[in-house]
Amino acid sequence: MSERRPVAPHTLYLIHHSHTDIGYTEFQARIERWQVDFIRQALRILRDSRHRRNQHFDGFKWTCETFWPVEKFLQQAGREDIQAFEQALQAGDFGLSASFLNLTELLDHEVLCSMIRRAADYGRKIGVRIDSAMTADINGYSWGFAQALLDNGVENLFSCVHTHHGMFPAGRKQFPFWWETPQGGRVLVWNGEHYHFGNDLGLAPGAASTYLIKDELPLAAMYEDVWPIATTRIPRYFARLRDEGYPFGFVPVMVSGLRNDNSPPSARIIEMIRRWNETHGETLRLQMVTLSEFFASVRRTEVELPVYRGDWPDWWSDGTASCPQHTKIFRQAQRDLRYYRQLCRRYPQLARADCSPIEYNLTMFAEHTFQGSESVSHPWNWVPLIVSARKKAFAIAAYEGIQVQLEQARSQLGAVGMRPEMPLRYKAVNPNGHAISGLAKMMVHHFEFFELRLDQGVEVWDLSTATRVAHQMEEVPRGVIIGVPCTLPAGEEKLFEVRAVQAATGNTTSSFRLQGVEGVFDVAQAEAGVQHGSFFLETPFVRLAWQEERGIISWFDKQNRMELLDRRQEQGAFTPVYEITAVPDRSQMTIVRQRMGRNRKGLAVQRAVGKLAAVESSSSGSVWAAAELRYSLPGTSLFLLELRPHAHAPRVDVIVRLNKDHRWEPENLYLALPFASADRPFQLWLDKAGAQVRPRIDQLPGTLTDFYSIQEGLACVAEDYGIAIATPDANLIQLGDLRVKPRLLQGMPGLENEPMPIYAWLMTNYWETNFEAGLSGFHEFRFAVQWGPELNSEQRALQCCRDLNAGIDCFRLESEV
């Protein structure tokens, strides 16, 4: 990059917009009405200026920060308003952003692309190219977001990072760069100021603020004439930019009509521009522009820009862990949507449904606001109650919507309805373009299990090969699950039949099983097949061992003679870690949280590591072994860890179940994942939306390195081996030790020497706003771990995570199918 020479900026570009928060300042229905009306208000201002009823409004421009209000406007407005809106877009008086909403990193790449396509398609329909997007508040994006923009013809991105509990990348603001996509394309990014910075500069009469600029001007001045504010702060700001080596002749700022999110347009900003230009325009000129106009100016400059390649982790994605139950529902709904589309591709005879309502509900849940502004200070208030309930309803609606489509698809593929004398035939399908392996799970209802005498004995037959196959039964609510190891080639299916048989013999004692009459297995065993004891579980593939208090201390790959746990780590596998930061009294509930900054906890944090207290149960069979471990953990009245190693594959399923106590103070709950043997140089890979990423390596400089929002899992990969860790329910991964300390960002000295223990970050309520105040209740989090030499690439290991989470779809058939 060539040396930049500072210049004296002579133009201040104002991008007038309304920040879109779905729920933060009011409940969602009211915000929808407001945002639609903001477009109508902007049209009236433009109409008045065109008809010369108020020539002071000349030069008014309005930018729609997100496409969601536009979509709602088009659904609700009359023909004349829509025509006026589209004419304003075509004339360049209005500008569109391709961002549907300001999002967390929850959406997968396919849904993300689809939502960006909504704006792009609308633009093409009316003859307006949507080449730019903007976001506000959020602190980053998955790497695949850049690719999704470019694939939809969006070449520019304006980012207004809000550094509350976050930070902008590259170590500076008002800084452009090229963001190289995973496929090698480039998006031009302007890393800008906060989205209300124009209000801080005094550019909005009646709506000045002092949120970002702290100076000698009295607070009362914010509510009076803004002229003294503007004439003081604007020259100072431009002088500071010049002193910092700013190389452009223009400076962009966002400005809102009020000191508020979800803010209307204001014609008085144009009056302010006119007054400024009449007084100071010869040296510094103000001009209102759209996003596209601004980026056209950037592209005309001759300043050479740096090129950055990699992920841009979002500091604000941790809001998902403040509502973990509904994040789990969201993730399952999105996974099922992918599966439904795979089914439709594999079976073209299926009647394909319109999935856009499901995508919409997924996106509304993935939007960055999770609660009302007073959710922690006044958690009993009506607005937080309604905002939270409506937010969660989006996840539920998405899940219900895709279940309807899946049930209809299964019915077309021969699934039986509920009726008497249902056949015990099942179909397992694999619509993927690659082979999958796992358990085909066959449900038998409680009312038929005994009637059909299945309690006397069961056989399972593979009708495709006319062979009897291994199985194992598990009692579950409302019936029994029969699990069968199953491998399905790409695009293939299998038929199974469950048959009742009379057991040939009853149980008897063994001459070699080292078990006491009290039923306890606590004598060391020689290596064998599938067995269990008080301190271990064992299959032909793995031996899991635990100790009192420490928990799981060994995860031994028997086939390759290798320990999979890094014993240098402090905690055992899946050991819980609980944190709570003390608050002196309830009046400090928000202040203590606010002062946490980017540490997500306070200096007074109390940290407790769960201790293994008991083995509640253990068992073994022909398909899996199982044990349920109980931990003592502050902040919970129950914490159970179920382990289920498979007998036919190098795989262990893990389920965490807990009853969380109610606490108002800020809390965090982590789960240790100390995988990757010290004997091999493993590289950690994360499954991000649209990209596979090495944390702390494949990232923009100056970005977050503590935690990441992932899609389906993570993997530790060596040249000849790999470990896949699937995370179907929890999306956050924490790296590094949990202590309060200065945070190291990507590229900072010393980061390469920082230890990198891995944790699943299950729950948090540390924010002073926008999060649920409490985390109490029953929760369940699932995991699956698979390993072996065949997972020695990030592509295969992360695909394994996706396959583990998806499982094998197996449904009951009509007899004639």
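Tabulated values for the structure
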{"item": "Distance in nm between pseudo-label sites at Leu751 and Gln403 (7 Å out along the Cβ direction from Cα)", "result": "4.2 nm"}
{"item": "Mean Cβ neighbour count within 10 Å, used as a protection proxy, ranking 695-703, 488-496 highest first", "result": "695-703, 488-496"}
{"item": "Accessible surface of segment 425-501, 1.4 Å probe, proportion on carbon and sulfur as whole %", "result": "52 percent"}
{"item": "Per-pair calculated FRET efficiency, R0 = 45 Å: Trp380 and His445 via Cβ, rounded to 0.05", "result": "0.60"}
{"item": "Ellipticity estimate at 222 nm from DSSP helix runs (n ≥ 4, -39,500 (n - 2.57)) divided over the chain, nearest 500", "result": "-8000 deg cm²/dmol"}
{"item": "Between 0 and 90°, nearest 10: helix 28-50 axis offset from the chain longest Cα axis", "result": "30 degrees"}
{"item": "Relative contact order (percent, whole number), segment 531-805, Cα cutoff 8 Å, 6+ residue spacing", "result": "20 percent"}
{"item": "Paramagnetic label zone (point 7 Å from Cα along Cα-to-C-beta, Asn560; backbone N under 17 Å) in segment 719-761", "result": "719-726"}
{"item": "Centroid-to-centroid separation of segment 622-651 and segment 675-697 [C-alpha atoms, Å]", "result": "25 Å"}
{"item": "Convex hull volume per residue for segment 664-817, taking Cα atoms only, in Å³", "result": "173 Å³"}
{"item": "Square roots of 5 times each gyration tensor eigenvalue, C-alpha, segment 425-501, largest first, Å", "result": "24, 13, 9"}
{"item": "Burial ranking of peptide ranges 197-205, 423-431, 241-249 (average Cβ count within 10 Å, highest at the top)", "result": "197-205, 423-431, 241-249"}
{"item": "Alpha carbon centroid spacing (whole Å) that separates segment 22-86 from segment 169-198", "result": "27 Å"}
{"item": "Percent carbon-and-sulfur accessible area, segment 531-805, ignoring ligands, DNA and RNA, probe 1.4 Å", "result": "48 percent"}
{"item": "On Cα atoms only, tilt of 67-76 relative to the major axis of the chain in degrees", "result": "80 degrees"}
{"item": "Length-normalised contact order of the chain in % [C-alpha pairs under 8 Å, at least 6 apart]", "result": "14 percent"}
{"item": "Assigned charges on the beta-carbon of Lys, Arg, Asp, Glu; segment 718-795 dipole about Cα centre (debye)", "result": "340 debye"}
{"item": "Under 14 Å, Cβ to Cβ, from Glu26 - net charge with Lys/Arg +1 and Asp/Glu -1", "result": "-1"}
{"item": "Inter-label distance for Leu495 and Arg352, nm, one decimal - labels placed 7 Å from Cα along Cα-to-Cβ", "result": "2.9 nm"}
{"item": "About the Cα centre, charge dipole magnitude for segment 425-501 (Lys/Arg +1, Asp/Glu -1 at Cβ), debye", "result": "100 debye"}
{"item": "Calculated FRET efficiency for the pair Leu219/Arg172, C-beta based, R₀ 25 Å, to 0.05", "result": "0.30"}
{"item": "Taking all pairs of distinct alpha-carbon atoms in segment 168-281, Kirkwood radius in angstrom", "result": "15.5 Å"}
{"item": "Tail beyond 17 Å, pair distance distribution of segment 364-412 (Cα, percent)", "result": "48 percent"}
{"item": "Zone of Glu71's modelled label, taken as backbone nitrogen in segment 672-699 under 20 Å from a point 7 Å along Cα→Cβ", "result": "689-690"}
{"item": "On Cα atoms only, tilt of 268-280 relative to the major axis of the chain in degrees", "result": "50 degrees"}
{"item": "Spherically averaged projected area in nm², based on the convex hull that wraps the Cα atoms of the chain", "result": "38.1 nm²"}
{"item": "Within-9-Å neighbourhood charge of Glu780 [Cβ basis; K, R +1; D, E -1]", "result": "+2"}
{"item": "Per-selection Rg to Rh, segment 531-805 - Cα, Kirkwood hydrodynamic radius", "result": "0.97"}
{"item": "For the chain, size of Cβ-based charge dipole, Lys and Arg +1, Asp and Glu -1, in debye", "result": "1280 debye"}
{"item": "Per-peptide average of other Cβ atoms within 10 Å, ordering 748-754, 110-116, 610-616 highest first", "result": "110-116, 610-616, 748-754"}
{"item": "Average Cα contact separation per residue, segment 24-115, under 8 Å, 6 or more apart, as relative contact order %", "result": "28 percent"}
{"item": "Accessible area in square angstrom per residue, the chain, 1.4 angstrom probe", "result": "40 Å²"}
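The values are calculated or read from the model by the stated rules, or taken from the named source; none is laboratory data. All values reported here derive from a predicted model rather than from experimental measurement. All Cβ positions, even for glycine, are placed from backbone atoms using ideal geometry, and neighbour counts span all protein chains on display. Only protein heavy atoms, including side chains, enter the accessible area calculation; ligands, DNA and RNA are left aside. Shrake-Rupley method; radii C 1.70, N 1.55, O 1.52, S 1.80 Å.
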